[in-house]
Amino acid sequence: MDIPVYLFAGFLDGGKTTFINGILQDGFAREDRTLLICCEEGAEEYNPRALDNVTVVTVEEEAELTRDFLKRCEKKHRPRQVLMEFNGMWSLGRLYQEALPDNWVLYQIMTMVEAATFDVYAKNLGQLMMEKLTNADMIVFNRCNEELCAALRQRNLKMVNRRANIYLENADGTSEDYADGTVCPFDLDQDVIEIPDNDFGVWYVDVMENPERYDGKAIRAKTVVCHLPQYPGEVILGRFAMTCCEADITFLGMVARGDGFDAYESRSWADVTGVVRLENHKAYQGETGPVLTVTALGPADKPGQEVLTF
């Protein structure tokens with residue numbers, strides 16, 4: 001029998017236990033036998049009045065979290081579902097590859113981050129922080145204020161994980177959708193929308209999240225040219241971006257077509273002007289996405305900051 005696993009990730013004091021208590025209080029975890037695996041004990045405790053039908057097992061060392069251990073827990077407690085409060089200093093990769101039994105199905109990963117300490121963790125524990133963000137289905141930044149909300153929006157977190165739902169939980173208990181889509185970062189009334197070098201990542205996320213905004217719009221940007229054999233007669237134009245550290249460099253690209261690209265080798269720089277059209281293209285796995293029809297093309301020098309940072 002498959003057992004759904006709901007994983008709560010994030011660092012100490014990020015709000016994981018508080019979030020779990022809300023789930024316990026709402027009754028979701030009390031409807032059927034639930035195993036709650038606690039891998040990190042902070043100042044907050046589980047609400048004892050909400051633990052009926054819930055068995056709590058504490059794991060203090062990462063080495064204890066093995067497939068054999070979890071199978072023994074399954075045999076002893078016979079859970080129908082598992083909640084796991086994961087230790088922020090432990091590797092999700094090891095959990096996937098070595099610890100989870102085959103019939104334990106990871107249904108959802110929820111990452112909780114204290115907004116005020118996000119920069120500190122991102123700078124000092126970048127790889128551990130990034131895996132918690134990039135693997136998440138939902139990300140919640142807790143204890144926000146107006147200043148922190150503005151700073152988080154400027155960081156363009158959708159570049160890190162486009163599929164996750166991201167929420168900003170304010171200190172007063174209200175919540176905001178990070179990707180509310182109400183503000184466009186560029187002036188769409190221009191005849192040609194100029195994309196500044198340092199804002200290419202901002203534009204890329206916006207055109208991927210809100211492609212209808214740019215359908216039929218002309219844009220100009222300095223990009224890297226990439227030739228791929230699977231797209232004959234077309235190229236991929238974009239920029240390399242470092243989301244957190246050097247290990248997390250990725251290419252942010254979109255499909256383009258037009259004359260003159262044969263003169264440009266892969267990884268060469270070009271000054272490109274073109275019109276965005278929405279098309280159903282195999283690069284977007286059968287979905288509709290932006291394709292750039294190039295109207296003007298010329299060589300370009302590398303910008304001062306060659307790799308974008310988030």
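Placing a label point 7 Å from the Cα of residue 116 along the Cα-to-Cβ direction, the residues of the range 31-66 whose backbone N falls under 20 Å from that point are 42-45.
Per residue of the chain, the DSSP helices (runs of n ≥ 4 H) give a summed -39500 (n - 2.57) that works out to -5500 deg cm²/dmol at 222 nm. In the structure shown, the pairs 282/302; 71/132; 132/158 are assessed against 22 Å; a Cα-Cα span above that value is assigned to 282/302; 71/132. Computed extension gain for residue 249 through residue 163, at 0.36 nm per residue and net of the alpha carbon distance, reaches 29.1 nm.
Treating the range 172-299 as a set of equal point scatterers at the Cα positions, no solvent, please give the Debye-formula log₁₀ I(q)/I(0) at q = 0.13, 0.17 Å⁻¹. Ignoring solvent entirely, the Cα scatterers give -0.55, -0.92.
Once the Cα atoms of helix 67-77 and of the chain are each reduced to a long axis, what angle between those two axes, in degrees from 0 to 90 to the nearest 10, is obtained? Tilt of helix 67-77: around 50 degrees. For the pair the range 2-24 / the range 244-307, the C-alpha centres are spaced 39 Å from each other.
Calculated from the structure, Cα extents along the principal axes in Å equals which of (i) 51, 43, 35; (ii) 67, 45, 38; (iii) 67, 43, 33? Derived directly from the coordinates: (iii).
Our estimate of slack between residue 21 and residue 171, defined as 0.36 nm per intervening residue step minus the Cα-Cα distance, is 52.2 nm.
With the simple model of a label 7 Å out from the Cα in the direction of the Cβ, residue 306 to residue 64 spans 4.8 nm.
A Cβ-based charge dipole, computed about the Cα centre of the range 91-170 with Lys and Arg at +1 and Asp and Glu at -1, lands at about 260 debye. What separates the Cα centres of the range 66-80 and the range 117-180 is a distance of 33 Å. Ranked by the mean number of other Cβ atoms within 10 Å per residue, highest first, peptides 291-302, 36-47 order as 36-47, 291-302. Accessible surface calculations at 1.4 Å, restricted to protein heavy atoms, place the range 1-133 at 49 Å² per residue.
Computed packing ranks the peptides 82-88, 189-195 as 82-88, 189-195, most packed first, by mean other Cβ atoms within 10 Å. Apolar share of the accessible surface for the range 1-119: 45 percent from carbon plus sulfur atoms, 1.4 Å probe. Here the chain is treated with +1 on each Lys and Arg Cβ and -1 on each Asp and Glu Cβ, and its dipole about the Cα centre works out to around 820 debye.
The values are calculated or read from the model by the stated rules, or taken from the named source; none is laboratory data. All values reported here derive from a predicted model rather than from experimental measurement. Neighbour counts are summed over all protein chains in view; Cβ atoms, including those assigned to glycine, are modelled from backbone coordinates with ideal geometry. Keep in mind that these areas ignore ligands, DNA and RNA; they rest on the heavy atoms of the full protein, side chains included. Shrake-Rupley method; radii C 1.70, N 1.55, O 1.52, S 1.80 Å.
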